[in-house]
Amino acid sequence: MDSWCGKLLTSILLLPFTAGNYRRRQNGSGYYDCIISSRVLFLVVLSIVIVFTASKKIPTHSEIRIGFVLILLSLLMIFAVIGFCVQGYLVHKHGLQYIVAASRNASTPKLQVVFLWLFGFASVFYCGFFIIKQIECSENLAVGNIWYILLYFNITLILCLFSQMVIITHFSPYELKQTHLVNYAMSLLLVANVCMFVYGTLIGEITLYIMYTFPDSDIANCLENNSTFSVLLEKSKPILKPNFTEFCLLSCTILLEIWSPTKKVQLLDEETSYMEIDNIEHTERSPLLPTFTATEHRRSGNEGKQTACQLITLVFSITAGLGLIVCYVVMAMNIGDIDYMRNVAEIYELALKVVMVLAIFIGFYCLVSYCTPDTSPEDLKPSEYVYLLSAFGLFMMHICEGIGGDVSFDNWFMSTSILSIFQDYLQVVFLLHASRFKKSEPQSTIHLLESALIFIMICNCIFWLNDSFLKSEFSITRILEHYNFPTELSSVVYNVLLPVSVFFRFTSFLEYYATFDKYNK
């Protein structure tokens, strides 16, 4: 992957989704442990589950959103189980020590496993009763796609519950190594459990939701009749249904105990040896006497070009960003056709974020081509977790805006919201990943990377000014309040999520400036 094409593919297709600490395998090849990308993807998935499920009372395309959540959760569970099956094969082939690092206290895991099986069997029985009722109602009735998706979801859920109980029972006495495969499988299983808990909490009673969605259908009549399984499902619901919540939370607790993504990652012996070899080779290649004169001469020769590139990028960024401010000022002052100005503002914001995405990919390419990853393992800092929490609110806000575009059939608004989720994901991953890199040559100048950082930094400043002083203060600029969107949700968006997104923009501006200053030295 040392060719120009290989670096380009790495920066576009690989690095944005595997960002994290740099590792070396026994054969000398390198990889990233996904500590950054996995957390940001978790927030995106959780945002989709929360907003799509909470918006179930919006009649437009409600069954499509719920069906998407069910399919997403099913895929998470399936891939997690496949990952553990692969690990089981590796344990069978290489022995338990292949993925096990140490033993744990045996008394507590045994008690946890006992309750896990009790909660798991209760959840399986509840899902089984509902599946039988679904089959009974599906025999002679014309049912929609959401009904079959729900049926397959419950079947997948039962298989995942059994698989998870077996997996946790087998590995609960141990602490797992943080290998690439273990990290992927455990992350997927944790995401699935958390998202299923959130989904079950927000959806309420699934039968009531179906009867609310299809009030005059044969399905609602079948669910309401007093058949044997209807009575059995109704009588067992107060006892069995809460066990599903208990199972998800207890499962997450045990998984985090046997594999903690927050603790300091221990390097494998072969990784440590390669780091030592690299340090020795670097020391041997270092000159005995510093070469200040040549370095300063090369630096002074590039200062003019560097300053010119920074000024051009700065002027272009401010000019491009002020166009969006002008559109929102016109709307705030209620000048001209407001609907027309909203469309212009959405098209302008869409174009601006497309350029931001391109700048981020350019930044990834510069990291691959001109920078070196830090080989020392590093977990996320508390301030970075606060930054991720603000990104979580921004993701939910964009998803709500996308639903608003779907409700109003505003294609520009919906397209901007979908692109915004992708752009913000890339922005967060790039910022946190760039902090784990350094220039390959300390005194070199990377004009392309500096320009990309300046553009992203100024755009975040523009969005911060726009959201703080225009969208927050002038309700006429709030698009969701002028469409067929529930008042409760729009209130949450603009009273809770918008202030969080303002903090995200402000923090992004400061952090990108700090990153620019780091690479500008």
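The values are calculated or read from the model by the stated rules, or taken from the named source; none is laboratory data. What you see is a predicted model; the values in this text were computed from it and never measured. Cβ atoms come from the backbone with ideal geometry, glycine included; neighbour counts cover every protein chain shown. To get the accessible areas, we keep the full protein, side chains included, count just its heavy atoms, and leave off ligands, DNA and RNA. Shrake-Rupley method; radii C 1.70, N 1.55, O 1.52, S 1.80 Å.
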Open item on the list: Quick check on the range 336-356. Is at least one of its residues more than 18 Å from Arg478 (Cβ to Cβ), modelled with pLDDT of 95 or more and either in contact with a Cys (Cβ under 6 Å, 6 or more places away or on another chain) or not aliphatic (A, V, I, L, M) (or both)?
Closed with: yes
- [ ] Return yes when Ile458 is modelled with pLDDT of 90 or more, under 22 Å from Gln310 (Cβ atoms) and either in a helix (DSSP H, G or I) or not hydroxyl-bearing (Ser, Thr, Tyr) (or both) and no when it is not.
- [x] yes
- [ ] Kindly list the number of the only condition in (1) open to solvent by less than 60 Å² (accessible area, probe 1.4 Å); (2) closer than 21 Å to Ile325 by Cβ; (3) not aliphatic (A, V, I, L, M) that fails for Cys366.
- [x] (2)
Task: In the range 436-455, residue surrounded by the fewest Cβ atoms within 10 Å (Cβ to Cβ) [restricted to those that are in a helix (DSSP H, G or I) and among the small types (Gly, Ala, Ser)] - done: Ser451
Open item on the list: If the requirement is being part of a helix (DSSP H, G or I), surrounded by 15 or more Cβ atoms within 10 Å (Cβ to Cβ) and within 20 Å of the chain's Cα centre (by Cα), which of these qualifies: Leu419, Leu352?
Closed with: Leu419
TODO: Mind telling me which of the residues Ala122, Ala54, Ala102 ends up being assigned by the TED database to the domain that holds Lys235, under 19 Å from Gln164 (Cα atoms) and aliphatic (A, V, I, L, M)?
DONE: Ala122
Task: Filter pass, Leu41 being within 30 Å of Ile210 (Cβ to Cβ) and touching a residue at least 24 places away in the same chain (Cβ under 8 Å) - done: no
TODO: State yes or no: is Asn154 without any contact (Cβ under 8 Å) to a residue 60 or more places away in the chain and not acidic (Asp, Glu)?
DONE: yes
- [ ] Within the range 77-129, track down each residue that is surrounded by 12 or more Cβ atoms within 10 Å (Cβ to Cβ) and among the polar types (S, T, N, Q).
- [x] Gln87, Thr108, Gln112, Ser123
Open item on the list: Of everything in the range 44-62, what is without any contact (Cβ under 8 Å) to a residue 40 or more places away in the chain and on the phi > 0 side of the Ramachandran plot? Give them in sequence order.
Closed with: none
